[in-house]
Amino acid sequence: MADLADKLNRPLLDAAGLAEGHRLLDLASGAGEPALSAARRVGPGGLVVGSDLVPGMMAGAVRRARGVEGPAPAFTAADMTALPFADAAFDGVTCRFGIMFVPAVEAALREVRRVLRPGGRAAFMVWGPRAGNGLFAEIGDAVAEHLGEDGSLDPLFRFAEPGLLAGVMRRAGFAETSETDLTPVRKAPAGQPFWRAALDMSFGHRLADLTAGRRERLEADIARRFAAQAVDGIVPVPSHARIAVGR
Ligand SMILES: C[S@@+](CC[C@H](N)C(=O)[O-])C[C@H]1O[C@@H](n2cnc3c(N)ncnc32)[C@H](O)[C@@H]1O
């Protein structure tokens, strides 16, 4: 995801209205984005708190923060449906590819409102439709062909329908909600297994019991699918993302 990071983070931080000196809470930070990019933007006078439900994810984010020049974000474990922060503690809240995994999404959005100062903005990045996301679409199709379809990817595309997340935000009390779509194209190196991390992340639970031979055949099929799309050694992989923002 590294080559896509800036194309995704910049518009997300813009949507949250993030500026120098702000206090930002990033939810579901995983391995640290966009918290790490946000820390550079708020500078030494601001504060970025990265958070995730899974403490182990924070360890990776903390490790990455050590290698970053300038002010580092603070990281802490936090469930976005019960945030360990005071009311109105933040100027902005971001969340990149996390809100779709929360069953009680309205409860999470109410918590986000509670920790935002009046007038502060929250910006959520989610995936658009599966067909517009080349990485997941090809991997998902290959897995379905080899192992059968089981809906493992469905949560990723929970807010793929335009207007759905903005509508939930309005129900949770957000004002001035809007959505913007982005369709950056990742330039992946042909002949390299750039898709393997996404395969493991999305289908690890199904691959664990596969024989080495079956896994090899599945991976060879995925590699073939992407190789067929290569132009001059580069596989263009489109990503359809959406930012839902509210005040
Ligand atoms: C796909 S990752 C996104 C990570 C990062 N923001 C990024 O874009 O690379 C989704 C993250 O959501 C986190 N998550 C799931 N449910 C959560 C919850 N209720 N509260 C906070 N984080 C949650 C997971 O632990 C996981 O790290």
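Restricting attention to segment 191-246, and to residues there that are charged (D, E, K, R) and in contact with a Ser or Thr (Cβ under 8 Å, 6 or more places away or on another chain), which single residue is farthest from HIS146 (Cα to Cα)? The qualifying residue farthest from HIS146 (Cα to Cα) is ARG242.
Quick grid of which residues meet (1) within 16 Å of the chain's Cα centre (by Cα); (2) assigned to a helix (DSSP H, G or I); (3) of a type in the set (Val, Ile, Thr):
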site	(1), (2), (3)
THR180	yes, no, yes
GLN192	no, no, no
ALA197	yes, yes, no
MET201	yes, yes, no
LEU210	no, no, no
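Of everything listed in (1) of a type outside the set (S, T, N, Q); (2) more than 22 Å from ALA142 (Cα to Cα); (3) surrounded by 15 or more Cβ atoms within 10 Å (Cβ to Cβ); (4) touching a helix residue (DSSP H, G or I) at 6+ places or on another chain (Cβ under 8 Å), the single unmet condition for ARG247 is (4).
Listed by first and then second residue, the pairs with beta-carbon distance under 8 Å, at least 6 apart or on different chains, first residue in segment 69-96 and of a type in the set (Asp, Glu), second more than 11 Å from the ligand (Cβ to nearest atom) and not in a strand (DSSP E or B), are ASP87/ARG114; ASP87/VAL115; ASP91/GLY17; ASP91/LEU18; ASP91/HIS22.
Write out, first by first residue and then by second, each pair whose Cβ atoms fall under 6 Å of each other, whose residues are 6+ apart or on separate chains, and whose first residue, in segment 165-176, is in contact (Cβ under 8 Å) with a residue 12 or more places away in the chain while the second is among the basic types (Lys, Arg). So the pair list comes out as ALA172/ARG110; GLY173/ARG113; ALA175/ARG247; GLU176/ARG247.
Every residue in segment 1-29 that is part of a helix (DSSP H, G or I) and of a type in the set (A, V, I, L, M, F, W, C), please.
Quick first cut of segment 1-29, residues part of a helix (DSSP H, G or I) only: 2-15.
ALA2, LEU4, ALA5, LEU8, LEU12, LEU13, ALA15, listed by residue number.
So which residues in segment 19-31 are surrounded by 24 or more Cβ atoms within 10 Å (Cβ to Cβ) and not polar (S, T, N, Q)? Hits for segment 19-31 are LEU24, LEU25, ASP26, LEU27, ALA28. Right, ALA15: touching a Lys or Arg at 6+ places or on another chain (Cβ under 8 Å), modelled with pLDDT of 95 or more, more than 12 Å from the ligand (Cβ to nearest atom) and farther than 21 Å from GLU69 by Cβ or not? So ALA15 passes the test.
May I ask you to verify whether ALA220 is surrounded by fewer than 19 Cβ atoms within 10 Å (Cβ to Cβ), in a helix (DSSP H, G or I), under 19 Å from the mean Cα position of the chain (by Cα) and at pLDDT 95 or above? Considered against the rule, which asks whether it is surrounded by fewer than 19 Cβ atoms within 10 Å (Cβ to Cβ), in a helix (DSSP H, G or I), under 19 Å from the mean Cα position of the chain (by Cα) and at pLDDT 95 or above, ALA220 comes out as no.
Taking the criterion of being surrounded by 17 or more Cβ atoms within 10 Å (Cβ to Cβ), among the small types (Gly, Ala, Ser) and more than 23 Å from GLY246 (Cα to Cα), would at least one residue in segment 98-108 satisfy it?
Start the filter on segment 98-108 by keeping residues that are surrounded by 17 or more Cβ atoms within 10 Å (Cβ to Cβ), which leaves 98-100, 102, 105, 108.
This time we only want the ones that are among the small types (Gly, Ala, Ser), so: 98, 108.
From what is left, the residues that are more than 23 Å from GLY246 (Cα to Cα) are none.
Within segment 98-108, none of the residues are surrounded by 17 or more Cβ atoms within 10 Å (Cβ to Cβ), among the small types (Gly, Ala, Ser) and more than 23 Å from GLY246 (Cα to Cα).
The values are calculated or read from the model by the stated rules, or taken from the named source; none is laboratory data. On a predicted model such as this, the values are computed, not experimentally measured, just so you know. In this analysis, Cβ positions are derived from the backbone assuming ideal geometry, glycine residues included, and neighbour counts consider all displayed protein chains.
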